[in-house]
Amino acid sequence: MSTTLNKGALIASVLAGSWRQFPSPLEISAAQLEIATPDLLASGAAALAWKRVGNSNLRSSPAAKELEQAYRLHSLQSAIHDRDIQNVLALLSRAGIDPVLVKGWAVARLYPESGLRPYGDIDLCVNPKQFAAAKAALSNEANQPQVDLHRGFAKLDTRSWDALYARSQLLKIEDVEVRVLGPEDHLRALCFHFLREGAWRPLWLCDIAVVVESRSADFDWDLFLGPDQKRREWFACAIALAHHLLAADLNGVPEAIEKKSLPGWLVPAVLKAWAVRAMLHRHSTPMTNLWHNPTYALRPKNLRTHWPNAIEGTIGVNGPFNEMPRLPFQLGNCALRTVDYLRHLPSMLRDDSASDGRK
């Protein structure tokens, strides 16, 4: 196994079962923990790592102290995020808008402690007919937290707004109602998001594990998987990955998922994504920078971060998870993204021109 894959496997071993109330103590060396810690911190999984490290003989090591600090920080931030969500939802409610909160708090609430699952943006999906009104309501309010507003659920699922909204659930943060997806739709959204983003954050696979392990006895697996055979394969692979890499308990899961055979390229692609974190670097050098600073954007190091890994490439072209070579899917994904960039280029130029005119 290469050094990169070894590092990815080390991250997996640290996080295995970390979302449980009483995870098993971590049994690795201090040197190994030191190797994994920068990636755990960068990917948002440090608090979960501390959950295991804190019960081991490594708890006093320098790396463990960094993880503990992250855990304490996330715990403090959790209360702030709760307040921010309440304020945003109250604002939208006054405007007659009933959004659905996805990711973030919607999955963090399933962990045994606040602060174990950090999140930043508040992801809200609104009825496409109310998107403009929701955007206006948020923009008219000063000092709002960062809200990632979505027009329906198109970025997370192929199912309609009406169908997903009808199955949604109302929860509460103190006295404020919070609408979240139904459990089956929630797990679908988490699986798709994890795969679409190239599986680069191990935290997202922990999310899938915690939802699977905390599901109710009446969880509808047929509703979760849906009729689309390709997506059934994707979602089954995501859950099988949680078991294979993080020791997620698949007791009671349908046999088709529990005994799912993973394509030979999939596990190495995930482990490499965790070790390399190319997607994180890509977010700091988006292709929109190409027009503003072509010399910087076209540096080989920056261009490499925009090459889709096998998972992102496959999902991006709606490809199957099989044993075929991944290069054609990755090339196809690059082509689609290039076309999309060129399609949006005129509007980017207009926005730049308008911005210059206001200076």
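The values are calculated or read from the model by the stated rules, or taken from the named source; none is laboratory data. Everything numeric here is computed off the predicted structure, so don't read it as measured data. For neighbour counting, all protein chains shown are included, and Cβ atoms are generated from backbone atoms with ideal geometry for every residue, glycine included. What goes into the accessible areas is simple: the full protein's heavy atoms, side chains included, and nothing from ligands, DNA or RNA. Shrake-Rupley method; radii C 1.70, N 1.55, O 1.52, S 1.80 Å.
Some notes on this structure:
- When the Cα gyration tensor is reduced to axis lengths a ≥ b ≥ c, the ratio a/c is 1.5 or higher for the range 68-191, and with a/b not above b/c it is classed as oblate.
- Annotation for the range 134-197 versus the range 1-78: alpha-carbon center distance of 30 Å.
- Taking N as its residue count, the alpha carbon Rg of the range 163-244 over 2.2 N^0.38 Å: 1.13
- Based on C-alpha pairs under 8 angstrom that are at least 6 apart in sequence, the chain has a relative contact order of 16 percent.
- Surface accessible to a 1.4 Å probe, per residue, for the residues of the chain, Å²: 49 Å²
- MRE, 222 nm, helices only [DSSP H, n ≥ 4, -39500 (n - 2.57), over the chain, to nearest 500]: -18000 deg cm²/dmol
- Student exercise, the range 105-251 dipole from Lys, Arg, Asp, Glu Cβ charges, in Debye to nearest 20: 460 debye
- Share antiparallel - DSSP beta bridges, the chain, percent rounded to 5: 55 percent
- Cross-link table LYS103/LYS172; LYS51/LYS272; LYS7/LYS272, entries beyond 19 Å C-alpha to C-alpha: LYS51/LYS272
- Measuring nothing but how far apart in sequence close Cα pairs (under 8 Å, 6+ apart) lie, relative to its length, the range 103-219 scores a relative contact order of 21 percent.
- Charge dipole (the range 87-181, unit charges on Cβ, about Cα centre) - positive-most of GLY104, ILE173, ALA142: GLY104
- Rounded, prolate or oblate (a/c below 1.5 giving rounded, otherwise prolate when a/b exceeds b/c) for the chain by Cα gyration tensor: rounded
- Computed about its Cα centre, the charge dipole of the range 124-195 is approximately 300 debye, with only Lys, Arg, Asp and Glu carrying charge at their Cβ.
- Dipole magnitude for the chain: computed about the Cα centre from +1 point charges on Lys and Arg Cβ and -1 point charges on Asp and Glu Cβ, it is near 940 debye.
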